[in-house]
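Below is one structure; the comments refer to it alone.
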Amino acid sequence: MRTSRIPGFYNLPMDERLEIVKEFAGLTDEEVEVLREGKLPREVADHMIENVIGLYSLPFAIATNFLINGKDYLIPMVIEEPSVVAAASNAAKMARDSGGFEAEATDSIMISQIQVVKVPDLEEAIRRIMAEKDKLIAAANEMDPLLTRLGGGARDLEVRVVGTEAGPMLIVHLLVDTLDAMGANTVNTMAEGLAPTIERLTGGKVYLRIISNLADRRLARAKAKFSKAAIGGEEVVEGIMWAYRFAKYDPYRAATHNKGIMNGIIAVALATGQDTRALEAGAHSYAARSGKYTTLTNYWVDDNGDLWGSIELPLAVGTVGGVVRVHPIAKIALKILGVERARELAMVMASVGLAQNFAALRALATEGIQAGHMKLHARNIAMSVGASPSEVDEVVERMIRERKINFERAKQILEEMRSGKKA
Ligand code: MEV
């Protein structure tokens, strides 16, 4: 059976993990080789950005245990920070005990902004734009016939007035369903294309014509139950609720709380070739939408005393175009996920964000995060001095107990264990 519940995955050698993922996702030998070597052809890199002189690698890992809307996912994550992948997998395991994550996403509606200044008569300008709305939408759609043919395209147009110290600006929003594309290129082209008509209709001057990364019409949501039995009892539930309230009411804490969420989301975004800065900008501006910066997640306790968590944030991600089209590893990451549609990718990423946040709050409200970090650090050291999967736990446990986590001690312990065994 295809399951993401793979006990002991973290203890296996890298190649064995890769073999399991190959099987799970039906990867070809060639794809396995690309992943193994972290290959991005130099000539592809040279066409991606300017002035390229080399490549830069990061670890590509897999979070296990994710069950989202009843489907099993192995989650590709690219990140430099230890503990993130382990925490996500662990949280997903706890959620799994109560049925996993329930997730949903809106259509892929992006906002394109056109800024008009020095409008002689604001009311008249708004009236004229609204009278021409259908024609403007149709004109925008002519700029991307393929998107329109596929069922996407410009859907609506809205006008806002924003005051400044130099007088009011008229801001036109074009709402575009970009389907499985992130959509920045499409909506920027449409905004630039419509600008001359908007100038003519308003009698003003258009300056900026650009996407808004506050993609609040392109939201993903996820929720999960973490039963008190699975997460360590009532006291843990209470600790997590206080950790949540801390972030909900204190922006200093909310920034770190949301950073933890983005640890998960950005790791999946990097693996799958997304615009990570757009995602960060969207998430944090959405967190401040009420005028006060707050959490992207919510928690509550049900009548049974079990903890529930939910997340809602903009996730402008694509499964076609952009980096996904050119980067061989991004394509493989999507294949591992088994995801073709952007909405599904957004649902997965929201679930990972929630898992990551839950794991951080649970650790912070109990033993703190350093213990976990040290354990992972000790495990890496134990493995790097050659401890086998059956030896790792003991080497780690002894180094932590002795508070001596270093290569020398790991080597000594291993030698002692092995000579003890022989004796
Ligand atoms: C560290 O990368 C992330 C955390 O600080 C998140 C949090 O405090 O909620 C552990």
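Quick look at the values:
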read-out	value
More than 21 Å apart - percent of Cα-Cα pairs taken over segment 208-345	50
Approximate spin-label separation Met48-Leu208, in nm, with each point projected 7 Å along Cα-to-Cβ	2.8
Between segment 346-423 and segment 13-64, the alpha-carbon center distance in angstrom	26
Distance (nanometres) between label positions extended 7 Å along Cα→Cβ at Glu104 and Glu23	3.7
Scattering curve values for segment 182-221, log₁₀ I(q)/I(0), Debye with Cα scatterers, q = 0.28, 0.29, 0.34 Å⁻¹	-0.94, -0.97, -1.10
Two-decimal Rg/Rh across the chain, once Rg and the Kirkwood Rh are taken from alpha-carbon atoms	1.05
Cα convex hull volume per residue for segment 1-150 (Å³)	255
Candidate aspartates and glutamates for bridging to Lys118, where Cα separation is under 15 Å - those fewer than 8 sequence places away on the same chain excluded	Glu165, Glu199
Relative packing of 263-270, 299-306, 333-340, which averages over residues the other C-beta atoms within 10 Å, highest first	263-270, 333-340, 299-306
Loop GluC sites (Glu not before Pro), segment 2-73 (other Cβ atoms within 10 Å of the site Cβ: 15 or fewer; DSSP)	Glu50
Given Lys292/Lys375; Lys223/Lys292; Lys22/Lys228, the pairs whose alpha carbons are separated by over 25 Å	Lys292/Lys375; Lys22/Lys228
Mean Cα-pair separation over length for the chain, i.e. relative contact order, pairs under 8 Å, 6 or more apart, %	19
Share of alpha-carbon pairs per 10 Å distance bin for segment 241-313, given as whole %	19, 46, 27, 8, 0
Residue-averaged 222 nm ellipticity for the chain, from DSSP H runs of 4+ at -39500 (n - 2.57), nearest 500	-16500 deg cm²/dmol
Assigned charges on the beta-carbon of Lys, Arg, Asp, Glu; segment 365-423 dipole about Cα centre (debye)	120
Candidate aspartates and glutamates - alpha carbon under 13 Å from Lys133, same-chain residues fewer than 8 apart omitted	Asp156, Glu158
Sequence of Tyr286, Tyr252, Tyr10 when ordered by accessible area, the most exposed leading, probe 1.4 angstrom	Tyr252, Tyr10, Tyr286
Accessible surface ranking that places the most exposed of Phe24, Phe407, Phe60, Phe358 first, with a 1.4 angstrom probe	Phe407, Phe60, Phe24, Phe358
Average accessible area per residue (Å²) across segment 372-422 - probe 1.4 Å, nucleic acids and ligands excluded	62
Mean Cβ count within 10 Å, highest first, over the residues of peptides 114-125, 221-232	221-232, 114-125
Net charge of Cβ neighbours under 15 Å - reference Asn188; Lys, Arg +1; Asp, Glu -1	-2
Sorted largest first, extent of segment 109-212 alpha carbons per principal axis (Å)	41, 25, 17
Once the Cα gyration tensor of segment 367-408 is diagonalised, semi-axes √(5λ) in Å	17, 10, 9
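The values are calculated or read from the model by the stated rules, or taken from the named source; none is laboratory data. Predicted, not measured: the structure shown is a model, and the values here were computed from it. Virtual Cβ from ideal backbone geometry, glycine too; neighbours counted across all protein chains shown. Ligands, DNA and RNA are excluded from the accessible area calculation, which covers all protein heavy atoms including side chains. Shrake-Rupley method; radii C 1.70, N 1.55, O 1.52, S 1.80 Å.
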